[in-house]
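Enquirer: Here it is, the structure, as C-alpha cells.
Read the figures in this text as sums done on the coordinates, not as results from a lab. All values reported here derive from a predicted model rather than from experimental measurement. All Cβ positions, even for glycine, are placed from backbone atoms using ideal geometry, and neighbour counts span all protein chains on display.
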Amino acid sequence: MTVTVPASIGIIPEIVVEETDNPSGFEQLREPWDRLVEEAGGSIFQTWEWAFAAWKHFGRGSRLQILSAYRDGKLVGIAPLAAQAAGGRFVKLASLRFLSVASDTVDFLVARDLDAAVGEAFTRHLSRSKDWDVLHLDLVPTDSRATPAFLEAAARLGHKPFARQGPINLVIVLPGSLDEYFAGVGKKTRQEMRREHRRIMEVGTVDVCPPGDEVGGYLDILLHLHALRFARKGTPSLLADPSLSAFYRDVVRMLHSRGWVRLALLRIGEEPIAAHLSFWHRDRVYWHQCGFDPSSPWARHSPVRALLLDSLTRAIRAGMKEIAFGREGEAYKLDFAPQRRVTYHHLVVAGWPSTRLRLVLQATTQRVGRFARAILAGVKLTPFALWG
C-alpha cells in the first residue's frame, strides 16, 4: 500500500509512505535502512539487524507492518511495526506495536528535520488503512523527536494518545579522560574500584573476540556464566529462554560482522570467570549482558565491575560519548555515577466508531467477568462496584 502526503499541508514536503508485510520486502530494506540509521543518528536498537532478528524469533502470531517514508525516492523514515489481535475471549482489538526485543529504548527512525513531515505521513497512512484499534509505542526515550511529532499529528486527526512513565535507563556520560571521570566518582568508591581492578588484572587477562572470528563460542561462555549468576540468586536466567537465546545468537552474529560487538571474557589462567557483551555503535557503548561464576574465589573481587572499568577506559580512549547502562535496579551500576533517563509508554487509540464500540464491549465483558468471579467467591458487589 502506498499513501502520498501532499506538500500542501503547511510547509510539509511531499512524503510517500509504503508498507512492507513480508520477509523478502524486509530484507530488501536493509541497505537504505543502514544509511538512514547513520543519517538520523539512530541507536543500535534501531538497526535493521535488531528489528529483523526480533521479527524472526518473536514474530510468530503477528503480521509484519513496516512503514517506509520516502522523499524524492530517498528513504527518510521507518516505523518498524507488527500487528496482532489482542483483547479478551469475545472481543478482539487489532493492536500495533514496535518490532523490538530486549531494547533499552525504541523509536521511529526519521531523518533529521523531517520529524513533523514523516509523523504526519505515518499518521495519515494509518488513518486511511483503518486496520488497527490501538497502537503501542513503548520505551520511547525522553529526547525523542519523532514520536512527539507523530502523537501531535495523531491527535489532530482524531485519535486519542495516552502516556505513562516507563522504565528508567542509566547512562554514563564520558569525559575526555579517565582522570576527569574519576573526579566525579566518590573517593571511597574510586579507591575501591581501582584497588579491585588492579588486584584482579595482576593475575587475569581480558580476552575480546577478534573481528572476523566466529563469535558463537564466546557467546556460549557468556550464556553459561549468565545462568550461573542468576542461579546464585535462585532465579532462572532470562537468556535460558530458547527464543531469546536464539535471538541473541542471530543479532550478535550479524552485528559482529559489522564490527559493532565487543564480547569480552575475563580469564584467570585459561578459565573464564566473567563475561560481558556490549555493542559499540557510532559514538555510544551499550552495556548489555554480563555474567560471572559466583563459585570462583575471584568472585569477591567484583570481576564484572573490573570488565566494566576496562570497557569504560577503552571507550574514553576511543572518544566515545557515553555508555548506555541499561535499566536501573542493579546496585553495582550506581557505583559508576550514572545519569537517569526516563522512558515513556505511549498508547494511541484509533478515533473511528468501530474501535470505540469494541473498547466498550471489551470493558463490559471484563466487568461481567469480574462480577462472575466475585459471585463464585461469595463476595457481594453493588452495581457501583461493577460499573464504577
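Enquirer: Using label points projected 7 Å from each Cα along Cα→Cβ, tell me how many nm separate Arg282 and Leu357, to one decimal.
Expert: Result: 4.5 nm between the two label points.
Enquirer: For the Cα atoms of the chain, what angle does the longest principal axis make with the long axis of helix 303-317, in degrees from 0 to 90, nearest 10?
Expert: 80
Enquirer: Using the beta-carbon distance between Val206 and Arg112 and R0 = 35 Å, what value does 1/(1 + (r/R0)^6) give for FRET efficiency, to the nearest 0.05?
Expert: Between Val206 and Arg112 the formula returns 0.40.
Enquirer: With a sphere of radius 15 Å drawn around the Cβ of Ile44, what net charge do the other residues whose Cβ falls strictly inside it have (Lys, Arg +1; Asp, Glu -1)?
Expert: Spelling it out: positives minus negatives among the neighbours equals -2.
Enquirer: Let me ask something additional. Students often get this wrong, so check it: of Lys130/Lys160; Lys56/Lys92; Lys187/Lys333; Lys187/Lys321, which have C-alpha atoms separated by over 19 Å? Don't jump to the answer; show the numbers that get you there.
Expert: On the way: Lys130/Lys160 14 Å; Lys56/Lys92 25 Å; Lys187/Lys333 16 Å; Lys187/Lys321 23 Å.
Over 19 Å Cα-Cα: Lys56/Lys92; Lys187/Lys321.
Enquirer: Related question: Return an integer: the convex hull volume of the alpha-carbon atoms of region 175-320, in Å³ per residue.
Expert: Value for region 175-320: 116 Å³ per residue.
Enquirer: Another question about this same structure. ³J(HN,Hα) across region 346-360 via Karplus (A = 6.51, B = -1.76, C = 1.60, θ = phi - 60°), whole Hz, x for Gly/Pro?
Expert: Calculated HN-Hα couplings, in order: 10, 10, 10, 9, 4, x, 7, x, 4, 5, 4, 5, 5, 5, 5 Hz.
Enquirer: Would you kindly state the longest site-free stretch of the chain, with sites defined as GluC sites (Glu not before Pro) in a DSSP loop (not H, G, I, E, B) surrounded by at most 12 other Cβ atoms within 10 Å?
Expert: By the stated rule (loop sites, at most 12 other Cβ atoms within 10 Å), 1-201.
Enquirer: Give the share of C-alpha pairs in each 20 angstrom bin for the chain, from 0 to the last occupied bin, in whole percents, shortest bins first.
Expert: Percent of pairs per bin, in order: 24, 49, 25, 2.
Enquirer: Taking θ as phi - 60°, what are the ³J(HN,Hα) couplings along region 27-37 by the Karplus curve (6.51, -1.76, 1.60), each to the nearest whole Hz, with x for Gly and Pro?
Expert: Running phi through 6.51 cos²θ - 1.76 cosθ + 1.60 with θ = phi - 60° gives 5, 5, 7, 4, 5, x, 4, 4, 5, 5, 4 Hz.
Enquirer: Roughly speaking, what is the stretch gain from Gln28 to Ser295, that is 0.36 nm per residue apart minus the C-alpha to C-alpha distance, in nm to one decimal?
Expert: 91.4 nm
Enquirer: Sticking with this one: Within region 225-256, list the residues whose amide N lies under 19 Å from a label point set 7 Å along Cα→Cβ of Glu271.
Expert: Once the point is set 7 Å along Cα→Cβ of Glu271, 225-232 turn out to lie under 19 Å by backbone N, inside region 225-256.
Enquirer: If one takes the longest principal axis of the Cα atoms in the chain, at what angle in degrees, from 0 to 90 and to the nearest 10, does the Cα axis of helix 242-257 lie?
Expert: Taking the Cα atoms of the chain, the angle to 242-257 is about 70 degrees.
Enquirer: Counting other beta carbons within 10 Å of each residue's own, what order do Asp115, Asp34, Asp179 fall into, fewest first?
Expert: Asp179, Asp34, Asp115
Enquirer: Considering only Leu238, Ala183, Pro161, whose Cα is most displaced toward the positive end of the charge dipole of the chain, charges sitting on Cβ of Lys, Arg (+1) and Asp, Glu (-1)?
Expert: Farthest towards the positive pole: Pro161.
Enquirer: Still on this model: Any idea how far the Cα center of region 204-275 sits from the one of region 282-311, in Å?
Expert: Region 204-275 and region 282-311 have Cα centres spaced 11 Å from each other.
Enquirer: What does the charge dipole of region 175-320 about its Cα centre add up to, to the nearest 20 debye, if the Cβ of each Lys and Arg holds +1 and the Cβ of each Asp and Glu holds -1?
Expert: Numbers: 21 positive and 16 negative charges, 124 e Å.
Result for region 175-320 is approximately 600 debye, rounded to the nearest 20.
Enquirer: Neighbour counts of other C-beta atoms within 10 Å: give me Ser43, Ser129 arranged from fewest to most.
Expert: Ascending number of Cβ neighbours within 10 Å: Ser129, Ser43.
Enquirer: Now for a separate question. What ranking do Leu109, Leu228, Leu219 get, fewest neighbouring Cβ atoms within 10 angstrom at the top?
Expert: Leu228, Leu219, Leu109
Enquirer: Where the only charges are on Cβ atoms (+1 Lys, Arg; -1 Asp, Glu), what is the dipole of the chain about its Cα centre, to the nearest 20 debye?
Expert: With only Lys, Arg, Asp and Glu charged at Cβ, the dipole is about 1660 debye.
Enquirer: With the crude spin-label approximation of a point 7 Å out along Cα→Cβ, what separation in nm comes out for Thr142 versus Ala318?
Expert: 2.7
Enquirer: Can you give the % of DSSP beta bridges in the chain that are antiparallel, to the nearest 5?
Expert: Bridges in the chain that DSSP calls antiparallel: roughly 90 percent.
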